[in-house]
Number of protein chains: 2
Amino acid sequence: MLIAAIVHPERKSKDYVCNGMYSHSKKIMMSKDVSEFMREAIRLSINNVEEGKGGPFGAIVVKDGKIIARGVNQVTTSNDPTAHAEVVAIRNACAVLNTFQLDGCEIYTSCEPCPMCLGAIYWARPLKLFYANSKEDATAINFDDQFIYEEIAKPIAERKLFTQQILREEALEAFKKWSESTIKTEY
Amino acid sequence: MLIAAIVHPERKSKDYVCNGMYSHSKKIMMSKDVSEFMREAIRLSINNVEEGKGGPFGAIVVKDGKIIARGVNQVTTSNDPTAHAEVVAIRNACAVLNTFQLDGCEIYTSCEPCPMCLGAIYWARPLKLFYANSKEDATAINFDDQFIYEEIAKPIAERKLFTQQILREEALEAFKKWSESTIKTEY
């Protein structure tokens, strides 16, 4: 049942298995491989700074023991605030696999994902996530990761970003149509 | 000082002002305009379902009282799990403005942003956020928004996605280089 859950092509929230359940999994890799994959993500992060192409972040996606996609932070060079290393790597990996789900994949990122990237990772539904630097390390060099984590945890009225709900009744029409749709592709 | 903080081109976490501080702002719009902008986001969300192009979500970005970009969910049609309506709208708006920051912009989204999209919004640093359907409404039609919010709030060891930190000491090299870099562009 565990394996079935991991590779199911339409895996959603209910299909995730807890961290601890992996300890006896045959799928766990040798630590040498894990380290070498992370070193590639770290190499990308250092290279990105040295070349002045973006923030000090790199990520790779691994499937069946092979790197299938890479990503570096390119927010300022691509004028895209969503172009963090993990998001770029996920997009590239999905293009390679021709799918919107990273079934059976591992993501290696040189820094603990920010809420945007962690959300992206959950939507991509990989098998495992490895990270190196922590979000506290990112805060120490003046990135907003910790601030955004704190904001997301607050009730909406207490957030620093002005946020207001309006017209819910009108918007529910789209959800009703989705529920009734016979042509939709769920994700 | 309030206005200066809002329009500062390199606005980061410290520059956000609280929800309540906007109540006396001259920048607050007439509610009729706000409703009409949201109706456009809702129209996009309904249209996306009817055309079978993706999930029931639409978003727009407004600047100086005009719509500068639109986005709809295109996860399954573009094979990109990050292609939620808000992310697509932010990317489009940044392309229009030729920048990686949505200074002075308002985002209207037909549903409360998931953690990925809320993170993207914080990184884009708009002035205001309006939403219609709630994340509970999204959960009711089987989307993972609430699940991901709950996962992000948990300690890493308790999350359902296997997550492990390794090689932090090696990865810190990139952060050290970033701190010392003279060619970096901060964001």
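Only one of the numbered conditions (1) more than 24 Å from A:Tyr187 (Cα to Cα); (2) touching a residue at least 60 places away in the same chain (Cβ under 8 Å) is not met by B:Thr182, and that is (2). Of all residues in the range B:88-126, those being touching a Gly at 6+ places or on another chain (Cβ under 7 Å), within 7 Å of chain A (Cβ to nearest Cβ) and either within 15 Å of A:His84 (Cβ to Cβ) or not polar (S, T, N, Q) (or both) number 4. What about A:Asp137, is it in contact (Cβ under 8 Å) with a residue 24 or more places away in the chain, more than 7 Å from chain B (Cβ to nearest Cβ) and in contact with a helix residue (DSSP H, G or I) (Cβ under 9 Å, 6 or more places away or on another chain)? No, not satisfied.
For every residue, the table says whether it meets (1) at pLDDT 95 or above; (2) open to solvent by 10 Å² or more (accessible area, probe 1.4 Å); (3) more than 22 Å from A:Glu186 (Cα to Cα).
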residue: B:Tyr108; (1), (2), (3): yes, no, yes
residue: B:Ala120; (1), (2), (3): yes, no, yes
residue: B:Tyr131; (1), (2), (3): yes, yes, yes
residue: B:Ile152; (1), (2), (3): yes, yes, yes
residue: B:Lys160; (1), (2), (3): yes, yes, no
residue: B:Gln164; (1), (2), (3): yes, yes, yes
residue: B:Leu167; (1), (2), (3): yes, yes, yes
residue: B:Glu173; (1), (2), (3): yes, yes, yes
residue: B:Lys177; (1), (2), (3): yes, yes, yes
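Taken over the range A:46-72, the criterion of being more than 9 Å from every other protein chain (Cβ to nearest Cβ) and buried (at least 24 other Cβ atoms within 10 Å of the Cβ) is satisfied by A:Ala59, A:Ile60, A:Val61, A:Val62, A:Gly71, A:Val72. Looking across B:Ile183, B:Ile148, one residue alone is assigned to a loop (DSSP other than H, G, I, E, B), closer than 30 Å to A:Leu44 by Cα and aliphatic (A, V, I, L, M). It is B:Ile183.
When the range A:140-150 is limited to residues that are open to solvent by 20 Å² or more (accessible area, probe 1.4 Å) and among the aromatic types (Phe, Trp, Tyr), the one that is nearest to the other protein chains (Cβ to nearest Cβ) turns out to be A:Phe147. Taking first residues from the range A:70-96 that are more than 24 Å from B:Ile183 (Cβ to Cβ) and partners that are open to solvent by 50 Å² or more (accessible area, probe 1.4 Å) and not β-branched (Val, Ile, Thr), the Cβ contacts under 8 Å between residues at least 6 apart in sequence or on separate chains come to A:Asn92/A:Arg70; A:Ala93/A:Lys63.
At least 1 residues being within 23 Å of B:Trp123 (Cα to Cα) and modelled with pLDDT of 95 or more is the threshold, and among the helices (runs of 4 or more DSSP H) wholly inside the range A:1-104 those reaching it are A:31-50, A:75-78, A:85-97.
On the stretch given as the range A:155-185, residues that are touching a Lys or Arg at 6+ places or on another chain (Cβ under 9 Å) and more than 7 Å from chain B (Cβ to nearest Cβ) total 0.
The values are calculated or read from the model by the stated rules, or taken from the named source; none is laboratory data. Nothing here was measured: the structure is a model prediction, and the numbers come from that model. With ideal geometry, Cβ positions are generated from the backbone for all residues, glycine too; neighbour counts draw on all protein chains shown. Side chains are part of the model used for accessible areas, which takes the heavy atoms of the whole protein and leaves out ligands, DNA and RNA. Shrake-Rupley method; radii C 1.70, N 1.55, O 1.52, S 1.80 Å.
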